Amino acid sequence: MNAQLHPVPSNIEPAANTELDAFWMPFTANRQFKGNPRLLARAEGMHYWTADGREVLDGVAGLWCVNAGHGRREITEAVTKQLSTMEFAPTFQMGHPIAFELANRLTAISPPGLDRVFFTNSGSESVDTALKIAIAYHRAKGAGQRTRFIGREKGYHGVGFGGMSVGGMVNNRKTFGASMLQGVDHLSHTLNIEHNAYSRGLPQWGAHLANELERLIALHDASTIAAVIVEPISGSAGVLLPPVGYLKRLREICDKNDILLIFDEVITGFGRVGKPFASLAFDVTPDLMTTAKGLTNGAIPMGAVFAHRKIYDACMQAPEGSIELFHGYTYSAHPVACAAALATLDVYQKEGLLTRAASMSAQWEDAVHSLRGLPHVVDIRKYGLIGAVELEPRGGKPGARAFEIFLKCFERGIMVRQTGDTIAMSPPLIIEPKQIARLVETLGSVIRETA
Ligand SMILES: Cc1ncc(COP(=O)(O)O)c(C=O)c1O
């Protein structure tokens, strides 16, 4: 790729004050980290550099967000220009042109019918927004009793109270158990190593798991259920793929029962699976779609909820002059984020990044599957430019082996992500064949030497 990068000084100044106590770090073992910090100081293209000057190949696009690679000059310039033109403008009863321009640009790549866009600042906010829109839609249609949600075990939908409640990751839930949304059920997750280990493409076994939705509908009655929310591919729980036919079946059952289907595409959106969205790759169109991360290449926080026009239109039946949806964020459609997103879309489109993962997919699949047979590896999963290696847990110490591998990989100059006993990879979509080889070979040699 001929990525345009903005100039970054190559000699890294030591940080002025690296006293670590004050920053309460998110989703981090704070005390352990602070005893052995991993500090990133600069980034460009496919790489980070640590504060002590070591180069690290980015195998996870930061946190599944830097899809066009680091240090994109076009995005920096757009952000800089917007900051000096108008750093902020409200979008409550006011507007600014690039918010509308961005919404229009996004609907040009969105799944069919999803042509109304509500802006947020993160994936968590997108999820909570989508849940609220689902309830508002049913209420606008005279079905205000439809307030239940159905999520899925091992699902991750961010950390707001709504997303946490429909999510299915135990550690994210157990501390806050009493404060969950009422009226939420969960489908079974779709991970089944016994039937589907080492599947290439989507796993063949498991479409029938979608039929559980019918059981939950029979239990509660469809008239009480607002929406089902799933990730087309779960990322945070360790890359769980939808079995062939599973998502279509969910769609059919939702249609039959007037239940909205929400796809959480916070990690699968913006080219990760070889199409702009997983919904397009799997040919199943949801009613609402949540996004964030790759929307701005991670440069400025921003999220977007795509709503089917029927949802928007139903909500617009409110009396003329009244606010139709009492929801929004001070920074919804923040002008600097809009500028970053527009420049990001330009880069994606100019460089074909929204579909590049499809052309890299076969090579990526072979590379990731070459790790089969290494010690403790029990499954390999992959789709688009996503890959995961599932490891056998160490007796009595779940996650310990994968965490050790993550640490050693970082020392050897590659950044991967550990979640439970899974090592996940989701490199920037500009990755080149040589870099795929280096990423997977390094991971392989670390796995080989880890007891
Ligand atoms: C599927 C999914 N939904 C929601 C989120 C939450 O996004 P954020 O961390 O931007 O709030 C994530 C984050 O990884 C995610 O993977």
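Values in this text are rule-based calculations from the coordinates and carry no lab data. A quick note: this is a predicted structure, and the numbers were derived from the prediction, not measured. For neighbour counting, all protein chains shown are included, and Cβ atoms are generated from backbone atoms with ideal geometry for every residue, glycine included.
Odds and ends about this structure:
- Using bins of 10 Å that start at zero, the share of Cα-Cα pairs per bin across region 168-228 amounts to 17, 35, 34, 14, 0, in whole %.
- For region 12-86, the set of chymotrypsin sites (Phe, Trp or Tyr not before Pro) satisfying both a DSSP loop assignment and a count of at most 16 other C-beta atoms within 10 Å is given as Phe23, Trp24, Phe27.
- Computed over region 267-412: relative contact order in percent, which uses C-alpha pairs under 8 Å that are six or more apart: 22 percent
- Shape class of region 202-359 from the Cα gyration tensor (axes a ≥ b ≥ c, square roots of the eigenvalues): oblate, since a/c reaches 1.5 or more and a/b does not exceed b/c.
- Modelled spin labels at Leu83 and Lys34, positioned 7 Å past Cα toward Cβ, are 3.0 nm from each other.
- Computed FRET value (nearest 0.05) for Thr330 with Lys310, which takes r as the C-beta separation and R₀ as 25 Å: 0.30
- DSSP loop GluC sites (Glu not before Pro) with at most 11 other Cβ within 10 Å: longest gap in the chain: 88-319
- Taking a Cβ cut-off of under 13 Å around Asp21, the surrounding Lys, Arg, Asp and Glu residues balance to a net charge of +1, with basic ones at +1 and acidic ones at -1.
- Net lengthening on full extension, Ser445/Arg372 (0.36 nm per residue, minus Cα-Cα): 25.0 nm
- All lysines inside 27 Å of Lys248 as judged from Cα atoms, apart from same-chain residues fewer than 8 positions distant: Lys132, Lys141, Lys154, Lys256, Lys275, Lys293, Lys310, Lys382
- Global geometry of region 347-418, whether rounded, prolate or oblate, following the gyration tensor of its Cα atoms and the 1.5 cut on a/c: prolate
- Beta bridges per DSSP with both ends in the chain, % antiparallel, nearest 5: 65 percent
- Rg over Rh for region 16-153 works out to 1.05, both radii taken from alpha-carbon positions and Rh defined as the Kirkwood radius.
- Remark on region 287-425: ratio of C-alpha radius of gyration to 2.2 N^0.38 Å is 1.47.
- For region 154-168, 3J(HN,Hα) computed residue by residue from phi via the Karplus equation (6.51, -1.76, 1.60; θ = phi - 60°) reads 6, x, 10, 10, x, 10, x, 4, x, x, 5, 5, 7, x, x Hz, glycine and proline entered as x.
- Note on Lys408: aspartates and glutamates with a C-alpha under 18 Å away, same-chain residues under 8 apart excluded, are Asp52, Glu55, Asp58, Glu390, Glu392, Asp421, Glu441, Glu449.
- MRE, 222 nm, helices only [DSSP H, n ≥ 4, -39500 (n - 2.57), over the chain, to nearest 500]: -10000 deg cm²/dmol
- The chain: proportion of alpha-carbon pairs further apart than 31 angstrom, %: 41 percent
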